[in-house]
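The values are calculated or read from the model by the stated rules, or taken from the named source; none is laboratory data. Predicted, not measured: the structure shown is a model, and the values here were computed from it. All Cβ positions, even for glycine, are placed from backbone atoms using ideal geometry, and neighbour counts span all protein chains on display. Note: areas computed on protein heavy atoms with side chains; ligands, DNA, RNA excluded. Shrake-Rupley method; radii C 1.70, N 1.55, O 1.52, S 1.80 Å.
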Amino acid sequence: MSKIFLCSAGFVISPTGNLDSEEGAAERVVEDVFIRCFLYGTFVGIMAQEPVLKRRANVLIVCLVLLQNMTPSKIYFLASYTETLLSHFYKCPVKLELQTVPGALVYKYL
Amino acid sequence: MAGIKGSGTLPGSYAVRVAPKQYLLQNKNLMWIQFSLGTDLHTVFQSYGNMPLVSISDEPDTLYRRLSVLVKGHDKAVLDSYEYFAVLAAEELGLSIEKVYEPPRKIERMTLLKSVHVYKKHRVQYEMRTYYRCLELKHLTGSTANVYLEYIQRNLPEGVAMEVKKTKIEKLPEHIQKPIWGTLPQVEETVNES
């Protein structure tokens, strides 16, 4: 389920589709929903918080914070699996930026 | 877990978050490595060390009288920092800046019903704000403009859109360089006799 959230840095990164006289807002929303569902299904139980999706000139950057439940080799496999599959789906380079945290993160919901 | 941020599958050289002091020319000789999590699971090496930095051609370079770069974003602070970066880059490259100004913001508001079924009197309002920043440079050559724009665009933050307008200076075509009155043959004036 995609929702607007306040990540620990304190800002929301929205794609350029919502700006004045810019197109593509609906496509970005559909892509976002699909990518979040995909990530939720791949990294079951180890995602500490919602993924942050950024787009920089055709490159999709997915920033994930994971818990340290799994062995690193499994995490590496899942990460490269998501990178290759998503880049084949969307025909654009997809980069994953991972970070692991020992416990659950505490932050405010708005 | 930050590995070396390389470009990997992109065909052009791509630099993530280049610090303002680095010039684009340095990045053309980088080897691109696609890293996955800082390990050696995916390594694709493409070295472009043989490409020359300066290319010389016989055609004259295009000249631009004005290059207008308009950036739009939701967040004013992001645009402030981007303007500082772009102005610094232009000054370091020796470009003449005509003016840097801030066009007024645009707010798109939607007033919707708060409830699903009735209660017409209770509404909720959403708005989408677009802030602008315009940077105008004058008297550039085509290659300078290309280099500057490429550097600026590679470091565009996410959520910021850019529009570029170029005003080109061209030579007057040969057939209209001189006035033709005096060179044309005399046309006899016909008088209608009714």
**Prompt:** (1) under 19 Å from A:Cys37 (Cα atoms); (2) without any contact (Cβ under 8 Å) to a residue 24 or more places away in the chain; (3) not charged (D, E, K, R): which one isn't true of A:Pro72, the others all being true?
**Reply:** (1)
**Item:** Residue satisfying all of: in the range A:15-38; among the β-branched types (Val, Ile, Thr) and in contact with a helix residue (DSSP H, G or I) (Cβ under 9 Å, 6 or more places away or on another chain); surrounded by the fewest Cβ atoms within 10 Å (Cβ to Cβ) among these
**Value:** A:Val29
**Message:** I'm trying to understand the selection: among the residues of the range B:147-178, which are open to solvent by 50 Å² or more (accessible area, probe 1.4 Å) and within 19 Å of A:Leu19 (Cα to Cα)?
**Reply:** B:Gln153, B:Glu163, B:Val164, B:Lys165
**Asked** From the residues in the range B:135-194 that are polar (S, T, N, Q) and closer than 30 Å to B:Leu95 by Cβ, which one is nearest to the chain's Cα centre (by Cα)?
**Response** B:Gln153
**Prompt:** Which of (1) under 27 Å from A:Glu22 (Cβ atoms); (2) in contact (Cβ under 8 Å) with a residue 24 or more places away in the chain does B:Ser143 not meet, given it meets every other one?
**Reply:** (1)
**Message:** From the list A:Leu64, A:Leu60, exactly one residue is closer than 21 Å to A:Glu27 by Cβ, under 11 Å from the mean Cα position of the chain (by Cα), more than 9 Å from chain B (Cβ to nearest Cβ) and of a type in the set (A, V, I, L, M, F, W, C). Which is it?
**Reply:** A:Leu60
**Request:** Any residue in the range A:14-36 that's more than 8 Å from every other protein chain (Cβ to nearest Cβ): show its pairings with residues that are among the aromatic types (Phe, Trp, Tyr) and assigned to a helix (DSSP H, G or I) at Cβ separation under 7 Å, as long as the two are six or more apart or on different chains.
**Result:** A:Glu31/A:Tyr90
